[in-house]
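The values are calculated or read from the model by the stated rules, or taken from the named source; none is laboratory data. Please read all numbers here as calculations on a predicted model, not as lab measurements. With ideal geometry, Cβ positions are generated from the backbone for all residues, glycine too; neighbour counts draw on all protein chains shown.
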Amino acid sequence: MPFPPRTGAAAAAASCALGVLALAGCSGGGNGSSGTSSAPASAKTTPSAPSSSAASSATSSAPAAGKATITIDNFHFKPPKMTVKAGSTVTVTNKDSTDHTVTATGSGSFDTGHIAPGATKTFKAPAKAGSYPYDCSIHPFMKGTLTVS
């Protein structure tokens with residue numbers, strides 16, 4: 001027994017559903033790509049803005065008015081670049097499971113010594129304005145820069 005013809009909104013909805021199914025069936029080929037998409041046809045991805053933590057880790061922090069803090073986490077200095085006022089106190093917190101240092105390279109103007117896991121140490125920023133690269137003397141691939149204004 002044939003179905004009665006659909007009219008009005010029901011016909012429009014049925015046509016729309018058929019169109020979507022036809023497009024979904026065509027989404028994996030004919031465009032020169034090799035293979036099919038791993039995402040379902042109904043999934044949409046929208047580019048998102050970088051998270052604030054990613055953005056801040058790539059830039060220098062403004063001169064510290066109060067607290068200047070370097071966090072050591074996952075064998076990285078966070079932030080890797082920081083600007084402070086001359087003579088400021090800089091606090092370093094080690095969130096890793098091994099010792100680290102914050103040691104000025106070349107100038108010898110600051111060195112925290114070994115900071116145990118979970119520990120915090122402080123040092124005074126140099127009195128002279130300039131850029132002071134530093135590393136971890138235990139893990140020299142860890143690098144940062146302290147800029148004194």
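Below is a table of values for the structure above.
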read-out: Matching residues in region 105-119 - criterion: being among the β-branched types (V, I, T) and part of a loop (DSSP other than H, G, I, E, B); value: T105, T112
read-out: Residue identified as surrounded by fewer than 16 Cβ atoms within 10 Å (Cβ to Cβ), in a loop (DSSP other than H, G, I, E, B) and modelled with pLDDT of 95 or more among T98, T122, T91; value: T98
read-out: Test: residue in region 39-59 that is modelled with pLDDT under 95 and in contact with a Lys or Arg (Cβ under 8 Å, 6 or more places away or on another chain); value: yes
read-out: Neighbours by Cβ (under 6 Å, 6+ apart or cross-chain): first from region 109-128, more than 21 Å from S149 (Cβ to Cβ); second surrounded by fewer than 13 Cβ atoms within 10 Å (Cβ to Cβ); value: P117/S97
read-out: Subset of region 70-88 that is closer than 13 Å to F123 by Cβ and either in contact (Cβ under 8 Å) with a residue 60 or more places away in the chain or buried (at least 17 other Cβ atoms within 10 Å of the Cβ) (or both) - its residue that is farthest from the chain's Cα centre (by Cα); value: S88
read-out: Enumeration of residues in region 135-149 that are without any contact (Cβ under 8 Å) to a residue 60 or more places away in the chain and either surrounded by 16 or more Cβ atoms within 10 Å (Cβ to Cβ) or in a strand (DSSP E or B) (or both); value: D135, S137
read-out: Matching residues, region 101-119, being at pLDDT 95 or above and either among the hydrophobic types (A, V, I, L, M, F, W, C) or surrounded by fewer than 11 Cβ atoms within 10 Å (Cβ to Cβ) (or both); value: V102, A104, F110, I115, A116, G118, A119
